[in-house]
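Let me begin by presenting the structure, written as C-alpha cells, before commenting on it.
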Amino acid sequence: MAIRMVREQNEPILRKKCKEVKEITPKITELLDDLADTMYESNGVGLAAPQVGMLKRIVVIDIGEGLFEFINPVILESSGSQTGNEGCLSVPGKMGQVTRPNYVKVQALNRDGETVIIEGEELMARAICHELDHLEGILYTDLVEGELMDAEEEEEEE
C-alpha cells in the first residue's frame, strides 16, 4: 500500500479512455489499496485510476459510509437531478456547480471478481458519476455551469 501522485488537470492521461480490467491480479488489488490510501491521504471522497496515472477502469469511493471499490463499473440506471458544488483532487483548490442524477445503480466487479450492484443517492450518486466520468476522460470542469470558484471562497461563504 502506497500513496501515489495525483495527476492534475493539464496532464494528457486524464483525457484518455480507460481500458477494461480483464483479470484481477495482485497488481490490481494493490492498485485498489493504493487508490484508497491516496484518496484518504488527500481527504477526497473518490479517486479513479487515471488520476494516479493508470488507464484502468477502477474507482474507489468513500463518502463517509465505508469504502466502495468498483472494477469495470457500468451505470445501469439513473434518475432524478441534483445540482451542487463539486471539486476534484486533480483540480486542486477549485470547485464548480454541476448537475448530476440524484440516483444511480451501478454494476461492477469487486476485488474478488464477483459482480456487485451498488445503488447511490445524492452525494453517493454524485461521487459515482464524477469518478466514472474520469474513466471516459471527462473532468467535472467540462460540465461546470458558470465559472469555477476558488474552494476557499466557498468555505468562507458557508
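Derivation of every value follows stated rules applied to the coordinates shown; laboratory data play no part. Here the structure is a predicted model, which is why all the values come from computation and not from measurement. Please note: Cβ atoms are built from the backbone with ideal geometry, for glycine as well, and neighbour counts cover all protein chains shown.
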**Item:** Top positive-direction residue, dipole computed over the chain with Cβ charges, set Gly66, Leu132, Thr83
**Value:** Leu132
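Please work out the ratio of the alpha-carbon Rg of the stretch 9-79 to 2.2 N^0.38 Å and round it to two decimals.
1.11
Glu121 to Arg15: extension gain in nm, 0.36 nm per residue of separation minus the Cα-Cα distance?
Working: separation 106, 0.36 × 106 = 38.16 nm, distance 2.68 nm.
Additional length available on full extension: 35.5 nm.
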**Fill in**
Mean-square fluctuation maximum in Gaussian network of the chain, Cα pairs under 10 Å, restricted to Glu77, Glu119, Glu136, hits Glu77
**Complete:** Largest fluctuation, Ile24, Ile71, Ile61 only, Gaussian network model of the chain with Cα springs under 10 angstrom, belongs to Ile24
**Packing rank of 143-150, 101-108, 81-88, 48-55, where each peptide gets the mean count of other beta carbons within 10 Å, highest leading** = 48-55, 101-108, 81-88, 143-150
**Fill in**
For Rg and Dmax of the Cα atoms in Å the list reads [x] 15.6, 50; [y] 16.5, 51; [z] 14.9, 47; the calculated value is entry [z]
**Prompt:** In whole angstrom, and with the biggest value first, how far do the Cα coordinates of the stretch 82-158 range along each principal axis?
**Reply:** 43, 22, 19
**Item:** the chain, dipole about Cα centre (Lys/Arg Cβ +1, Asp/Glu Cβ -1), debye to the nearest 20
**Value:** 1140
